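In what follows, a structure is listed as structure tokens, so that the remarks can point back to it.
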Amino acid sequence: MTHSRPAVALLPDMPDTRLLVELTSHASDLSEASRALSCAFAAGEGSELWMPLTSHAVTAYIRPFICSKVRSRLDHMPAVPSIPEDLRGVHDVIRKYRNTTVAHSQSNLVMPLALALLDGDGKAPDVVGFSLLHPMPLGTAERFADLVAVMEDAVEEAARPVKERLRRWLGEQPPETLQGWEQPRFLDAADADFTAASSRKQTPEFTMYWQVRHPASGSPEGY
């Protein structure tokens with residue numbers, strides 16, 4: 001019986017490999033922001049989905065610009081162009097919106113109130129808590145989408161020469177060397193074990209959490 005060779009292999013740890021991993025990670029966050037904004041535009045500014053989708057886009061976009069234990073900040077990477085001056089103001093607005101409204105609750109865009117409900121006699125038979133929320137305006141969201149697209153292009157351009165250098169280096173490696181390289185590691189676990197408490201490791205390892213079904217007898221069926 002012949003065994004098919006693996007279709008991929010992990011590049012060994014070296015500066016260009018680490019740089020490509022970081023750029024790929026940033027590109028993933030920016031793509032997530034772009035998709036969330038696309039869904040928000042499709043739903044419409046008046047939709048109940050508008051605020052959660054634009055808020056998620058803000059969270060995903062700002063991730064590359066805050067300190068991390070597993071990668072460099074995007075705006076601290078020499079290979080990546082700076083945010084264009086004409087979009088710097090939009091970036092600052094999104095950063096402040098994330099800090100005051102999305103990640104923390106201290107913005108004047110949210111007004112929580114304790115209200116007395118008055119009746120026709122001027123008495124107050126009941127009390128209610130009420131929050132007034134102001135979502136991201138459409139015009140701001142459109143400029144935000146332009147900013148995300150520009151930064152996606154910047155990361156793609158920065159990755160292009162890195163990939164080219166790695167391609168040239170790979171062309172010099174014999175097949176027997178490539179076959180000895182590691183494969184990404186995939187693990188399985190029950191969804192009850194999901195905690196999201198672990199950080200990424202330098203050696204790629206990915207856990208898939210599966211729902212465990214229990215038949216009437218009470219014994220688990222597996223994943």
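The values are calculated or read from the model by the stated rules, or taken from the named source; none is laboratory data. This structure is a prediction, so every number in the text was calculated from the model and none was measured. Don't worry about glycine lacking a Cβ; one is built from the backbone with ideal geometry, like all the others, and counts go over all protein chains shown.
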Worksheet item: Quick one: in the range 97-145, which of the residues that are of a type in the set (Val, Ile, Thr) and either outside any strand (DSSP E or B) or within 20 Å of the chain's Cα centre (by Cα) (or both) is surrounded by the most Cβ atoms within 10 Å (Cβ to Cβ)?
Response: THR101
Item to complete: From SER38, SER55, SER47, grab the single residue that is in the same structural domain as THR140 (by TED's automatic domain parsing) and in a loop (DSSP other than H, G, I, E, B).
Response: SER47
Practice prompt. Could you please tell me which pairs satisfy a Cβ distance under 7 Å, a separation of 6+ or placement on different chains, a first residue in the range 142-160 that is closer than 16 Å to ARG95 by Cβ, and a second residue that is part of a helix (DSSP H, G or I) and of a type in the set (S, T, N, Q)?
Written response: VAL148/SER34
Worksheet item: When only residues in the range 176-206 that are in a loop (DSSP other than H, G, I, E, B) and surrounded by fewer than 10 Cβ atoms within 10 Å (Cβ to Cβ) count, which is farthest from the chain's Cα centre (by Cα)?
Response: GLY180
Discussion item. Considering only the range 162-170, I want to know if a residue exists there that is under 30 Å from ILE94 (Cα atoms), surrounded by 10 or more Cβ atoms within 10 Å (Cβ to Cβ), out of contact with any Lys or Arg (no Cβ under 8 Å at 6 or more places or on another chain) and touching a residue at least 12 places away in the same chain (Cβ under 8 Å).
Written reply: yes
Worksheet item: Of the residues VAL128, VAL110, which is among the β-branched types (Val, Ile, Thr) and farther than 19 Å from TRP50 by Cα?
Response: VAL128
Worksheet entry | Within the range 171-201, considering residues that are touching a residue at least 60 places away in the same chain (Cβ under 8 Å) and not hydrophobic (A, V, I, L, M, F, W, C), the one nearest to MET14 (Cα to Cα) | GLU182
Discussion item. Looking at PRO64, PRO78 in this structure, which one is touching a helix residue (DSSP H, G or I) at 6+ places or on another chain (Cβ under 8 Å) and within 30 Å of ASP16 (Cα to Cα)?
Written reply: PRO64
Worksheet item: What do you reckon, is GLU32 farther than 30 Å from LEU20 by Cβ and touching a residue at least 24 places away in the same chain (Cβ under 8 Å)?
Response: no
Discussion item. Please determine whether any residue of the range 88-95 is surrounded by 14 or more Cβ atoms within 10 Å (Cβ to Cβ), without any contact (Cβ under 8 Å) to a residue 12 or more places away in the chain and out of contact with any strand residue (DSSP E or B) (no Cβ under 8 Å at 6 or more places or on another chain).
Written reply: no
